[in-house]
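See below for the structure under consideration.
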Amino acid sequence: MSDLDTLAAEADRGIAAAADLAALEALRVALLGKQGSISALLKSLGAMSPEQRQAEGPRIHALRERVTAALAGRKEQLEAATLEARLTTETLDLTLPSPEAPRGAIHPVSQVMDELAEIFADMGFAVASGPEIEDDWHNFTALNMPETHPARAMHDTFYFPDQMASDGRKMLLRTHTSPVQIRTMVADGAPVRIIAPGRVYRSDSDATHTPMFHQIEGLVIDRGIHLGHLKWTLETFLKAFFERDDIVLRLRPSYFPFTEPSVEADVGYAEVGGRRVLGGDGNAPGHGWMELLGSGMVNPRVLEFCGLDPSEWQGFAFGVGVDRLAMLKYGMDDLRAFFDGDLRWLRHYGFSALDVPTLSAGVGVRA
Ligand code: DAH
């Protein structure tokens, strides 16, 4: 047997006997590493005569290939054995109960907004939105509140510093969702049938006011729209929302710069055990009227600001506090708790994520 055959036989034996990956790696280094025995053989080719090299070269290369393949084969075996050993020692008991997963809840404000979207979608309203950082043209001017208008001062507006003005317009946190009316009419023209729920901001804070709160705006623009459409829409919405057929609405003359005429909508309630329960005629003994929302026929000046011809298009609008609707429906009495992020409150008043409001199942199913 030549030296090469001996080396091959030794390598085969060593590889087969390698007990683990570390031993196998040591063997690889000893054979094929820089100082390895096969590497030395390959280097010796350089010193041979051409005839000798022609005879030895193929044998040495064949040896290297054979050893390389043997190493790879053994490595695969050892790895499979390691995995097998791990699989037999590690066990997974599938009969164990799953750990208690923390469960989130849908905030009542989100729930009420979903309920409102569902109710109004059924009446053909799309949901529109606008930026919370607004400019004073959309928030005031186009809503018929010029710079000198006293209503501007009533809104306790958070203004941005003057240098942040855009096109000479003052930037602010929107004080109501009404600017979405303007944005929708400017972008889409008429007809329009939208609601716009969202956050609004005013510098005001007590048990019933927070610097950020939620409103929902409604806007309908079409031909021949009148107050009767407004009243029917509000009545239908409130009956569906409070899930009572005996909701009675009273429209009371009021004033908003962007509507003419303007009406405030009150809802009749009954005093039951010291609590106000919505429903019934507010004029009956033991009953009263609760102010709920502002509305009216869109002022022709607002239509003009948006590029619509008031002799062709008319409409109505309304705006209502979403947090207040939630409080009335689900019985919370402190608005500030809405935004405290107190888990106990959220667990108590929150809704299950599976409780998607639908008209057929009732829009206010409790979790
Ligand atoms: N934007 C008014 C507010 O925040 C609410 C309002 C009143 C909206 C009358 C309207 C409306 O669309 O017609 O106080």
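The values are calculated or read from the model by the stated rules, or taken from the named source; none is laboratory data. Since the model is a prediction, treat every value here as computed from it, not as a measurement. Methodologically, a virtual Cβ is constructed for each residue, glycine included, from the backbone with ideal geometry; neighbour enumeration extends over all protein chains shown. Side chains are part of the model used for accessible areas, which takes the heavy atoms of the whole protein and leaves out ligands, DNA and RNA. Shrake-Rupley method; radii C 1.70, N 1.55, O 1.52, S 1.80 Å.
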Subject >> Using distinct alpha-carbon pairs, which all enter the 1/r mean, Kirkwood radius of the range 2-89 in Å >> reply: 14.2 Å
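Sequence gap at least 6, Cα distance under 8 Å: using those rules, report the relative contact order of the range 2-89 to the nearest whole percent.
Working: 46 pairs, mean separation 31.2, N = 88.
RCO, the range 2-89: 35 percent.
Around ILE247, what is the net charge, scoring Lys/Arg as +1 and Asp/Glu as -1 over all other residues with Cβ under 10 Å from its Cβ? Could you put the intermediate results ahead of the total?
Numbers: positive: LYS239, ARG244; negative: GLU235, GLU243, ASP245, ASP246.
So the environment of ILE247 carries a net charge of -2.
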**OP:** Normalising by the residue count of the range 1-156, find the relative contact order in percent from Cα pairs under 8 Å and 6+ residues apart.
**Re:** 18 percent
Original post:
Which entries in LYS170/LYS239; LYS43/LYS75; LYS170/LYS329 show an alpha-carbon gap greater than 30 Å?
Top reply: LYS170/LYS239; LYS170/LYS329
**OP:** Run the 1.4 Å probe and let me know the accessible area of ASP3, rounded to the nearest 10 Å².
**Re:** 130 Å²
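Kindly provide the helix-only [θ] at 222 nm of the chain, computed as the sum of -39,500 (n - 2.57) over DSSP H runs of four or more divided by all residues, to the nearest 500 deg cm²/dmol? It would help to have the intermediate numbers written out before the result.
Numbers: 12 runs with 147 residues, N = 367.
When only DSSP H runs of four or more count, the value is -12500 deg cm²/dmol.
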**OP:** Mind running the shape call on the range 159-300? Use the C-alpha gyration tensor, a ≥ b ≥ c as the square roots of the eigenvalues: rounded below 1.5 for a/c, prolate if a/b tops b/c, oblate otherwise.
**Re:** oblate
Original post:
Which ³J(HN,Hα) values in Hz, rounded to whole numbers, follow from the phi angles of the range 241-249 under the Karplus curve 6.51 cos²θ - 1.76 cosθ + 1.60, where θ = phi - 60° and Gly and Pro get x?
Top reply: 5, 8, 6, 9, 7, 9, 5, 10, 9
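What percent do you get for the relative contact order of the chain when only Cα pairs under 8 Å and 6+ apart count?
Numbers: 561 pairs, mean separation 57.7, N = 367.
That works out to 16 percent.
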**OP:** Pull up all non-local amide H partners of ILE106: gap of 5 or more, or a different chain, and H-to-H distance under 5 Å with H placed in the peptide plane.
**Re:** PHE351, SER352, ALA353
**OP:** Apply the Karplus parameterisation 6.51 cos²θ - 1.76 cosθ + 1.60, with θ equal to phi minus 60°, to every residue of the range 41-46 and state each ³J(HN,Hα) to the nearest whole Hz, in sequence, with x for glycine and proline.
**Re:** 4, 4, 5, 5, 4, x
**OP:** Take the alpha carbon gyration tensor of the range 108-349, find the square roots of its eigenvalues, order them as a ≥ b ≥ c, and report rounded if a/c is under 1.5; if not, report prolate when a/b exceeds b/c, else oblate.
**Re:** oblate
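Determine the dipole magnitude for the chain: charges of +1 sit on the beta-carbon of Lys and Arg, -1 on that of Asp and Glu, nothing else is charged, the reference point is the Cα centre, and the result goes in debye to the nearest 20. Let's see the in-between values first.
Numbers: 35 positive and 51 negative charges, 136 e Å.
It comes to approximately 660 debye.
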Original post:
Of all the accessible heavy-atom surface of the chain, with the other protein chains kept in place and a 1.4 Å probe, what percent is carbon and sulfur?
Top reply: 55 percent
**OP:** Could you let me know the centre-to-centre spacing of the range 218-233 and the range 151-170, using Cα atoms, in angstrom?
**Re:** 32 Å
**OP:** Would you mind classifying the range 66-164 by shape? Square roots of the alpha carbon gyration tensor eigenvalues, ordered a ≥ b ≥ c; an a/c under 1.5 is rounded, otherwise it is prolate if a/b is larger than b/c and oblate if not.
**Re:** prolate
Subject >> Fraction of antiparallel bridges per DSSP, the chain only, in percent to nearest 5 >> reply: 95 percent
Original post:
When the Karplus curve 6.51 cos²θ - 1.76 cosθ + 1.60 is applied with θ = phi - 60°, which whole-Hz ³J(HN,Hα) does each residue of the range 266-273 get, with x for Gly and Pro?
Top reply: 9, 10, x, 9, 10, 8, 10, x
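Nearest 20 debye, what's the magnitude of the dipole of the range 109-245 about its Cα centre given +1 on Lys and Arg Cβ and -1 on Asp and Glu Cβ?
Numbers: 12 positive and 20 negative charges, 58 e Å.
Dipole about the Cα centre, nearest 20: 280 debye.
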Original post:
What ranking, highest mean first, results for peptides 309-319, 116-126, 340-350 when packing means the other Cβ atoms within 10 Å averaged over each residue?
Top reply: 309-319, 116-126, 340-350
